[in-house]
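Visitor: Once you've had a glance at the structure underneath, I'll fire off some questions.
The values are calculated or read from the model by the stated rules, or taken from the named source; none is laboratory data. Remember, it's a predicted structure, so these values are computed and weren't measured experimentally. Here the Cβ positions follow ideal geometry from the backbone for every residue, glycine too, while neighbour counts run over all protein chains shown. Ligands, DNA and RNA are excluded from the accessible area calculation, which covers all protein heavy atoms including side chains. Shrake-Rupley method; radii C 1.70, N 1.55, O 1.52, S 1.80 Å.
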Amino acid sequence: MPRFQRLAFILFAVYAVFIGGGPYYYTILPVRIFHHGIMTAALAWWLFRRLRDGLPITPLNGGLYAAAGVWALSAGFSADPRMAVENLWFPLVHLLIFFVTADLFQRGRQRLVMETVFMLATLTVVMALLQFGSWLFGWGVVPGTDVGWLSVLTAEIPFPLRTPMVYLPLGVTTWLAAFTAPLALLTFGWSLTARQRDFRIVLRLLAALLLLALFLTTSRGGFISLGVGAALFFLLRLSQSAAVRQMNLQRILTALVPIVLIAGVIGLVVLTIGQSSSRSSGDALRLNLWRSAVGIASDHPLIGVGPGLFGRAAREYRDPSYVDDRLGTAHSIVLNTAAEEGFIGLAVLGVLAGLTFRAWRRLWRSADSPGRRLRLEAAFAALVGFGVQSLFDTFTTTPLLALVGLLVAYCAVEPISARDRRRGSRWAAGVGLALVLGYGLFWVQSDRAQSAFSRSVRQQDIGAAFEAASLDPALHLYPLQITYLAAQQSPPDADPAPAIAAYQGALALEPTWDTGWINLAALLERAGDSDGALAALERAERLNLNNAAAFNRARLTEANSAASDDEIARLYVEVMPRYGLPLSDWWTETDIRRRAVEQYYDSLATSPDAQYRIAAAHFPERLAGLVPDDPQTAADWWVTGRYALDAASDAPAAVEAFTHAIGLNRGSGDTYVLRARAQQMQNDSAAVERDLNTAYLLGTTYEAADAARAQAASGEARARLLATAVAPRFLSQNFEGVLFGGRAASFELLPEMRLPGPGTAVMQPWYDLAGLYAAAGQIEQAKNVYRAILDYAPGERLARQRLAAMEQD
């Protein structure tokens, strides 16, 4: 192949793996549009050239054609054929990538393919190490790495308190682990067969760096993939050794020692990683997904709910207590296939696995050299390791499935001389070309509609939403956007009947839209239909216990006196743990809420730090009684330090107490901010900066590092720090992202349905900012800050009072 074509092939692979086929496809619309165009052009060109000879003949063709047929059948009978057809595009692309790879192998271009793979592996290592360097040294390459861990290490913190969780260049740590584990094994296997010493050294170094990248992801699945693959590789090597042929038990046991050591080390790593609380919660989510998949497969046993529609269906089957709306797959290739393509699809998957093993076994037995056999073993071991990881993860992105296609092709396809090459399935090439061109036309219209939709989201332009719906009327997201914008833009005193009817129609299309149910409840409340509002909130709560439905159900019950005072207080206490501590003024505006806060306060006897925050917000007379005489725990020392800082302004005592608290619990970013505030009173600028940087790295909940920094700043710098001191209010876009192929809307709750907010203490930096503007005579800017406070935290009575006073003036 000419040098220019080789370079073009490598660059195209880099683009397809790291840009178009990666996370940027879902987050940057121009990348998405460009990817549709370039993949359509490239695949159509290749298929057109294959019309004469047909698709390459491989041992898997029959199984792959059957899989494509099952996909089409499942999509046609799915609950949402429009999205099922869209979701089929990537599987079609990945299927064709396999055939392209098989064609290159059959034409004797394995070296080009493997050189490209090693180039991709090298770029993966470079980007992963770049992120690790940014995490360590503070280069700011990725968000959250403007400060490096090396800058805060002291005798008190001798090592970083967080793992790097590297995810570049694939965007998710699990994906990166699934990519690097088989690549490390593949690269090591190739190094054993390289004839030149320099190549062996380079490949082994690359394998070691891939293992480092895998380690930096701290993904259990990646380690399991590596362990299974490595163990299988060594067993295959051992099966051909002289010890096995001679049945020498002692030598066999000696040879098994490395396998046992590998399994032990990897098992220890997996168990250690699994001890963290975040992993435990992740396991609960995975079990919930698995149970949902079993339920879906039981109700749709033949052809499932449709390609890519697990995330949509699971919302109706899952336990609402353990929910992560970002998850759109069953996290198991077996269960995901059963749920989306039914047991027919699962049977085809089993057939493909069997065909792959049979083809590999034939090639392995007939290998013409020890090097060829060893590379087949490495490829097969890497594939099996990836398959085992897929039992508890589901991978659908191009980088990972292209790698799987490569491994399958290497295990099943052998080079064929031009004289022995037979014509393949010309009809299949023709069907493939028709599908690629058909999808090309489909994407033209779909991307035009999505461009209009994105404009409607950015500009809150309902006309653009109507344009999107007219261009792509079968996509349910666009009617939802029209409904949402119409209700948001109507005056609060307008007749809610039209908006109610629109929301009811939208929810008939998408009954798992929990934000829609909560907004419908708001409109029904405006119309005086409290029973209908409560029913809508109950529907939303059945989808997700952690949305605002439970809070508003308690609020509406109180507003309508629909239960006894004790029952209403119980409802409030029940929902408080879901939304953070009840620190907003809203919680003490009625006797029932105040009683609920007191009951919740009493239930936190083992968490004196939480009690202290509630008392500081609502019961300041109780603060002194919370200070322990003989502090023992980190929480005890925290209360001691906080009281010394706030009530007594005793900086040395506060620093000492917070230092004890940190010694017992180094992972609380809030405590470092409070110690920094005390150190500011002592003018210890170096210690202040170190503690604030540590808080930045750990993250905070109630305190703000920028608020502390603002105390030492002035002018525009002070205003800028105060503005960033309140954490941004993140808007969940996971519902539409999962159900509608990564499209992002901005569905917010109507104002009366929003949570009260985190409390005046957390919002204090914005109060200070408004005061700065007012003192400078910038009254309109001050008003805007108070409006922002009320938008963020509707329960802020003080902001409402100050804004009303300004508007009267």
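Visitor: Per residue of segment 410-415, in order, report the coupling 6.51 cos²θ - 1.76 cosθ + 1.60 (Karplus, θ = phi - 60°) as ³J(HN,Hα) in whole Hz, putting x for Gly and Pro.
Guide: Couplings: 5, 6, 10, 10, 10, x Hz.
Visitor: Return the FRET efficiency for the residue pair Asp630, Ala8: r is the Cβ-Cβ distance, R0 is 60 Å, and the value is rounded to the nearest 0.05.
Guide: Given R0 = 60 Å and the Cβ-Cβ separation, E is 0.25.
Visitor: Also, I was wondering about something else. Once a ≥ b ≥ c are taken as the square roots of the eigenvalues of the Cα gyration tensor of segment 691-809, is the result rounded (a/c under 1.5), prolate (a/b larger than b/c) or oblate (a/b not larger than b/c)? All intermediate terms of the calculation are to be shown ahead of the outcome.
Guide: Working: a/c = 2.14, a/b = 1.25, b/c = 1.71.
Here segment 691-809 falls in the oblate category.
Visitor: To the nearest 0.05, what FRET efficiency results for Phe34 and Leu545 with a Förster distance of 35 Å applied to their C-beta separation?
Guide: Working: r = 40 Å, r/R0 = 1.16.
The computed FRET efficiency comes out at 0.30.
Visitor: Each label point is 7 Å from the Cα along the Cα-to-Cβ direction; what then is the distance between the points at Asn683 and Thr163, in nm?
Guide: 4.5 nm
Visitor: I'd like the Karplus ³J(HN,Hα) series for segment 765-780: coefficients 6.51, -1.76, 1.60, θ = phi - 60°, whole numbers in Hz, and an x wherever there's a Gly or Pro.
Guide: Couplings: x, 6, 4, 4, 5, 4, x, 4, 5, 5, 5, 8, x, 8, 5, 5 Hz.
Visitor: Moving on. Determine ³J(HN,Hα), in whole Hz, for all residues of segment 618-625 in sequence, where each value follows from phi through the Karplus function 6.51 cos²θ - 1.76 cosθ + 1.60 and θ = phi - 60°; x replaces Gly and Pro.
Guide: Computed from phi, the couplings for segment 618-625 are 10, 10, x, 5, 8, 4, 4, x Hz.
Visitor: Can you give me the orientation-averaged projected area of the convex hull built on the Cα atoms of segment 467-580, in nm²?
Guide: 7.8 nm²
Visitor: Measure off 7 Å from each Cα along the Cα-to-Cβ vector at Val294 and Ala535, then give the distance between these two points in nanometres to one decimal.
Guide: 3.4 nm
Visitor: Using a 1.4 angstrom probe on heavy atoms only, work out the carbon and sulfur share of the accessible area of the chain in %.
Guide: 60 percent
Visitor: Here's a follow-up. Show the residues, 5+ positions off or on another chain, whose built amide H is closer than 5 Å to the amide H of Ser425.
Guide: Leu55
Visitor: Separate question: Averaged over all directions, how much area does the convex hull of the C-alpha atoms of the chain cover when projected, in nm²?
Guide: Over every viewing direction, the Cα hull of the chain projects on average to 40.2 nm².
Visitor: Right, next: Assuming a ≥ b ≥ c are the square roots of the Cα gyration tensor eigenvalues, decide whether segment 327-445 counts as rounded (a/c under 1.5), prolate (otherwise, with a/b larger than b/c) or oblate.
Guide: oblate
Visitor: Whole number in Å², please: accessible area per residue of the chain, 1.4 Å probe, ligands, DNA and RNA not counted.
Guide: Values: 35840 Å² over 809 residues.
Per residue, the chain has 44 Å² of solvent-accessible surface.
Visitor: Given Cα pairs under 8 Å that are at least 6 residues apart, what percent is the relative contact order of segment 448-518?
Guide: The normalised contact order for segment 448-518 reaches 23 percent.
Visitor: Roughly what angle does helix 565-575 make with the longest principal axis of the chain, taking Cα atoms, 0 to 90 degrees, to the nearest 10?
Guide: Rounded to the nearest ten degrees, it is 40.
Visitor: Moving to a separate point now. Please give the length that would be gained between Ser561 and Glu748 if that part of the chain were fully extended, namely 0.36 nm times their separation in residues minus their C-alpha to C-alpha distance (nm, one decimal).
Guide: Full extension from Ser561 to Glu748 adds 64.6 nm.
Visitor: Charges at C-beta only: +1 for Lys and Arg, -1 for Asp and Glu. How large is the resulting dipole of the chain about its Cα centre, in Debye rounded to 20?
Guide: Details: 69 positive and 68 negative charges, 1152 e Å.
Charge dipole, the chain, about its Cα centre: 5540 debye, nearest 20.
Visitor: Arg578: accessible area at probe 1.4 Å, nearest 10 Å²?
Guide: Near enough 70 Å² of accessible area.
Visitor: On to the next question. Estimate the FRET efficiency between Ser603 and Met119 by the formula 1/(1 + (r/R0)^6), using the beta-carbon distance for r and 51 Å for R0, to the nearest 0.05.
Guide: 0.30
Visitor: Separate question: Restricting to DSSP loop positions (anything but H, G, I, E, B) with no more than 14 other Cβ atoms inside 10 Å of their own Cβ, which chymotrypsin sites (Phe, Trp or Tyr not before Pro) remain in segment 632-734?
Guide: Filter output for segment 632-734: Phe730.
Visitor: Once the dipole of segment 716-806 is set up with Lys and Arg at +1 and Asp and Glu at -1 on Cβ about the Cα centre, which of Pro758, Ala725, Ala775 lies farthest towards its positive end?
Guide: Ala775
Visitor: Of the listed peptides 446-458, 796-808, what is their order by residue-averaged count of other C-beta atoms within 10 Å, with the highest listed first?
Guide: My ranking of the peptides, most packed first, is 446-458, 796-808.
Visitor: Using square roots of five times the C-alpha gyration tensor eigenvalues, list the equivalent-ellipsoid semi-axes of segment 91-193 in whole Å, biggest first.
Guide: Largest first, segment 91-193 gives 37, 15, 11 Å.
Visitor: If one takes the longest principal axis of the Cα atoms in the chain, at what angle in degrees, from 0 to 90 and to the nearest 10, does the Cα axis of helix 197-217 lie?
Guide: Compared with the principal axis, the helix lies near 30 degrees.
Visitor: Show me the ranking of peptides 681-687, 204-210 by mean Cβ neighbours inside 10 Å, starting with the highest. Walk me through the numbers on the way to the answer.
Guide: Details: 681-687: 13.0, 204-210: 18.7.
Put in order of decreasing packing, that is 204-210, 681-687.
Visitor: Cα gyration tensor of segment 599-646, axes a ≥ b ≥ c as square roots of the eigenvalues: rounded (a/c below 1.5), prolate (a/b > b/c) or oblate?
Guide: Since a/c reaches 1.5 but b/c is at least a/b, the shape of segment 599-646 is classed as oblate.
Visitor: Right, next: Fully extended, how many nm does the chain gain between Leu51 and Asp591 (0.36 nm per residue separation, minus their Cα-Cα distance)?
Guide: Working: separation 540, 0.36 × 540 = 194.40 nm, distance 7.85 nm.
Roughly 186.5 nm would be gained on extension.
Visitor: Report the net charge of residues surrounding Ala654, where surrounding means a beta-carbon distance below 12 angstrom and charges are Lys +1, Arg +1, Asp -1, Glu -1.
Guide: 0
Visitor: If you don't mind, there's one more thing I want to ask. Using the Cα centre of the chain as origin and beta-carbon charges of +1 (Lys, Arg) and -1 (Asp, Glu), tell me which of Leu236, Phe98, Ile789 is placed farthest towards the positive end of the dipole.
Guide: Leu236
Visitor: Another one. For segment 381-430 and segment 170-243, what is the centre-to-centre distance using only Cα atoms, to the nearest Å?
Guide: 19 Å
Visitor: Okay, moving on. Given the Cα-Cα distance of Ser470 and Arg578 and 0.36 nm per residue of separation, how much length would full extension add, in nm?
Guide: Stretched out fully, the Ser470 to Arg578 stretch lengthens by 34.9 nm.
Visitor: Quickly rank 526-536, 190-200, 135-145 as a protection proxy: mean count of other C-beta atoms within 10 Å, highest first.
Guide: Highest mean packing first, the order is 526-536, 135-145, 190-200.
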